[in-house]
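Quick notes on the structure that follows.
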Amino acid sequence: MSFSSSLGQAAPRAEDHRMLTGHGRFVDDLMPDDALHAVFFRSPVAHATITGLDIEDALAVDGVRAILTWKDLDKAGVEPVSCMAPMHSHDGKRFREPVRHLLAKDTVRFVGDPVALVIAVTEHAARDAVELIGFDYENLDVCVDTGTSADIAFELREGDAERTEEAFSAADHVVSIEVVNNRVVGSPIEPRSLFATYDAAEDRYTLVSQSQGVHFLRNLICKPLGLSKEQVRVVTPDVGGSFAVKLTSYPDQPLMLFAARHVGATVRWTETRGEAMLADVHGRDHVTRGELAFDNNGRILGMKVVTRGNLGAYASPIGPFTSGRGFIKMLGHSYSIPALQVRSIGVYTNTAPTDAYRGAGKPESTYILERLMEKASQELGIERFDLRRRNLIRPEQMPYTSPVGIVYHSGDIPRVFEKALLAADVAGFANRRVESKKAGKLRGLGLCPAMHLGGGNTNETSDIRVGGDGVVTLRTGVQASGQGHETVFMQLVSDRLQIPMENVRVIEGDTNELADGGGTGGSSSLTIAGPTIERAARSLIENARQRAADRLETAPADIDYGDGRFTVVGTDRSIGLFELAQALENDGQPGCAATETFDGDPQAVTVCTYACEVEIDPDTGGMKIVSFTCVDDLGNVLNPGLAYGQIMGGLTQAIGQAVMEHTVYDPSDGQMLSGSLMDYCLPRAADVPAFALNDAGIPAPNNTLGAKGAGEVGANGGCGPVICAILDALRAAGGATDIDMPATPEVVWRALRGEAPARSAVDWSQGSNLIAGNGSAPSEADTAKAEEGVPH
């Protein structure tokens, strides 16, 4: 029987049977019964000097085994955690980073900052003890506002300032806007949890925790404890969502390793949903001012942008990169912009730290440009979709070098844009607006191009081994958190080895299983791990061809491979892949195996255009998305069901940010006012439309699969069309011409009555004059550290 590949088809997810029947293996499912329970005492105030910490009464609670404070860590020589991606300023001033101890030493900087760790026989005992800890402090000034914080970490400046000034001087029209990119909470369905063990005889630690790559996490958590990577094993089982919340390290991970050694027992911890809201890394939180210069034909001559990104209380491992280079990297996205000047300022506030969150800076920069284009169409009197069309990067400009030096090697942006105009039936919108008006509703349309530049940690390894038991085992360094890696990797190995999918097993998430790996990030699992798996499969066939030739007593050149068998050309003499593996095992010889690392270009340019139509009730401000049309160029799609599931997931998160999600802190004392799902609104099924999905299907030229990333493109491009659609409806009703996210019913209702957004006054001249530091230029090693291994 000839082999039939499932590649390119929506093969059912191999993961779903165990997930849907309750057999998923999540961290909390694997907790040892005899593990001690850990509970944090967290700061109840946003910014204060610690003047006293009394743990005596808490230690007396029955079942309490230990209470750790910074003194225990200091005595053992534990180091603070540090940022892995510092952003040094344009003028050479070094990145300024507050010291972040695993447990607060003398100052707390946000509500939820960990101060002490109680370890007890039961969770109830640990929580009882936490209630008895005495905490004395002296309040310090609190700032939670991104726009007005004077606590500046870095200022980047990129682009050609002189050329940009010349473009603006020659411009016939200049359009400007200020926007807020609201802070959001990742809120994956599975809260973070972990357990840690210490083997005294081997002087070796094991951490079982969620991650987006066990090798990446291991390398981050070793440093504070002064451990070599050989001393630490990290295991990640199934993961219930991440969106980069579980990508980086937190102080609790090395702390639990220390705790396991300190008490001589396994220590477990599972955060509550309230802790997750308070202390998990948050996303977004920018205030941005942008300007576009145009000639009389509506052509963009230049762009100026200054943005202030909120890092929170500390520099999270990748947070500064996200606010700095992550924002800058794709500024301009689908448009040909001859001259650009951008300033990106990172500021600290007394809020939870921010870090990479689905898109990691690119949704923020995409949004400001689409809002500028929407406003420019009104001020220039040029139809808004025609204005965009005039300025799109054309295929003949590829490879295109952006004004900040990023090369887009390929893409047909106009083709995707025009396909979206047709798919969304933009020509028929006027009639649909009339029908909505008859029903007493306001209808609006927004249509925006966007893109994603894929790329991540290229330190990737794939290992494939064939067993005589009929199982091919793939070990890979990436980590699924719901994307469906297991299924698509099974499809890929099945296709390349021409064996049934059910004969393939995928192993992720264990540093003992694979020496090194890059992890998942930057929409790169398929574009980095995929070609590496393919290379390993090719190498395996070539390695096994020699063994098969020996068995069949012929030369390797006379051996053909197909349908899972090695056959002597022109004869019926053959041996199956699994037969060969079994024979080699029986003879005690090395089996059929191959290991390969990544070799190639990790970047893939994913182009999209999204169109959103909304209906608004003018009496209440209530809004409903009545249609959402998507055209995505995902290259060669290996599994359409998985790929478009990623698009819909990213769009759902973008819709959530656009109209409902908002992290709110009290400006007077820094208390989080949206600290539960009673106060923080996540999108539900009823809030999300039935997406109309369309594929442009232009293969990527720079990887062997022709694949492109899908995970973040929906998040990158989703906010713009939603807000532009709402603005379109407001304009038709004579309402306000500006609005901020989230566009809740109250916000829309007020905008319909002409109320402009209430924003804090921002001094956009603030920047390098406020940056503290020694003024020395960053070294080459510092610069390399800032870029090395950053998944986004």
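Here is a yes/no grid of residues against (1) part of a helix (DSSP H, G or I); (2) modelled with pLDDT of 95 or more:
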residue: Ala725; (1), (2): yes, yes
residue: Gly735; (1), (2): no, no
residue: Trp749; (1), (2): yes, yes
residue: Gly754; (1), (2): no, no
residue: Ser765; (1), (2): no, no
residue: Ala777; (1), (2): no, no
residue: Asp782; (1), (2): yes, no
residue: Val790; (1), (2): no, no
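Listed conditions (1) surrounded by 14 or more Cβ atoms within 10 Å (Cβ to Cβ); (2) within 21 Å of Leu257 (Cβ to Cβ) are all met by Lys71, apart from (1). Among the residues of the range 646-664, those identified as open to solvent by 30 Å² or more (accessible area, probe 1.4 Å) and out of contact with any Pro (no Cβ under 9 Å at 6 or more places or on another chain) are Gln646, Met648, Val664.
Scanning the range 29-60 for residues being surrounded by 15 or more Cβ atoms within 10 Å (Cβ to Cβ) and either modelled with pLDDT under 95 or among the hydroxyl-bearing types (Ser, Thr, Tyr) (or both) gives a total of 1. Taking the listed residues Phe135, Phe154, Phe195, Phe216, the one that is touching a His at 6+ places or on another chain (Cβ under 7 Å) and either under 28 Å from Ala313 (Cα atoms) or modelled with pLDDT of 95 or more (or both) is Phe154, with no other qualifying. Considering the range 352-365, the residues that are more than 16 Å from Leu156 (Cβ to Cβ) and touching a helix residue (DSSP H, G or I) at 6+ places or on another chain (Cβ under 7 Å) include one that is most open to solvent (accessible area, probe 1.4 Å), namely Arg358.
Of all the residues in the range 518-558, those that are more than 16 Å from Glu486 (Cα to Cα), crowded, with 24+ Cβ neighbours inside 10 Å and hydrophobic (A, V, I, L, M, F, W, C) number 4.
Cβ-Cβ contacts under 6 Å between residues 6 or more apart (or on different chains), taken from a first residue in the range 610-638 that is within 19 Å of Gly454 (Cα to Cα) and open to solvent by less than 10 Å² (accessible area, probe 1.4 Å) to a second residue that is in a loop (DSSP other than H, G, I, E, B) and among the basic types (Lys, Arg), are listed as Leu634/Lys708; Gly635/Lys708. The criterion of at least 1 residues that are touching a residue at least 40 places away in the same chain (Cβ under 8 Å) and crowded, with 20+ Cβ neighbours inside 10 Å is met by the following strands (runs of 3 or more DSSP E) wholly inside the range 105-185: 114-120, 152-159, 173-181. Looking at Ile345, Ile328, Ile337, Ile382, just one residue is within 20 Å of the chain's Cα centre (by Cα), modelled with pLDDT of 95 or more and of a type in the set (A, V, I, L, M), and that residue is Ile328. Being over 20 Å from Val605 (Cα atoms) and touching a Gly at 6+ places or on another chain (Cβ under 9 Å) is the filter; apply it to the range 385-398 and report the residue that is least open to solvent (accessible area, probe 1.4 Å). So the residue we want is Leu387. Candidates in the range 568-584 are the residues that are in contact with a Lys or Arg (Cβ under 7 Å, 6 or more places away or on another chain) and not in a helix (DSSP H, G or I); of these, the one that is nearest to Gly517 (Cα to Cα) is Gly576.
Taking the listed residues Gly298, Gly264, Gly226, Gly240, the one that is out of contact with any Ser or Thr (no Cβ under 7 Å at 6 or more places or on another chain), within 23 Å of Gly650 (Cα to Cα), surrounded by fewer than 24 Cβ atoms within 10 Å (Cβ to Cβ) and not basic (Lys, Arg) is Gly240, with no other qualifying. Applying the condition of being buried (at least 24 other Cβ atoms within 10 Å of the Cβ) and β-branched (Val, Ile, Thr) to the range 708-738 and asking which residue is nearest to Ser436 (Cα to Cα) yields Ile726. Filtered by the rule that a residue be assigned to a helix (DSSP H, G or I) and of a type in the set (A, V, I, L, M), the range 352-395 gives Ile368, Leu369, Leu372, Met373, Ala376, Leu380, Leu387. Among the residues of the range 590-618, those that are more than 24 Å from the chain's Cα centre (by Cα) and closer than 23 Å to Val713 by Cα comprise Glu613, Val614. Is it the case, given these coordinates, that Val234 is open to solvent by less than 10 Å² (accessible area, probe 1.4 Å), of a type in the set (A, V, I, L, M), modelled with pLDDT of 95 or more and within 21 Å of Gln479 (Cβ to Cβ)? Yes.
Tallying residues that are of a type in the set (Gly, Ala, Ser), part of a loop (DSSP other than H, G, I, E, B), open to solvent by less than 10 Å² (accessible area, probe 1.4 Å) and within 22 Å of Gly717 (Cβ to Cβ) within the range 315-351 yields 2. Answer with yes or no whether Ile393 is in contact with an Asp or Glu (Cβ under 6 Å, 6 or more places away or on another chain) and over 17 Å from Ile152 (Cα atoms). No; evaluated as a whole, the condition is false for this residue.
The values are calculated or read from the model by the stated rules, or taken from the named source; none is laboratory data. Worth saying up front: this structure is predicted, and the values here are computed from it rather than measured. Glycine also receives a Cβ, built like all others from the backbone with ideal geometry; neighbour counts cover every protein chain displayed. These accessible areas exclude ligands, DNA and RNA; they are computed on the full protein's heavy atoms, side chains included. Shrake-Rupley method; radii C 1.70, N 1.55, O 1.52, S 1.80 Å.
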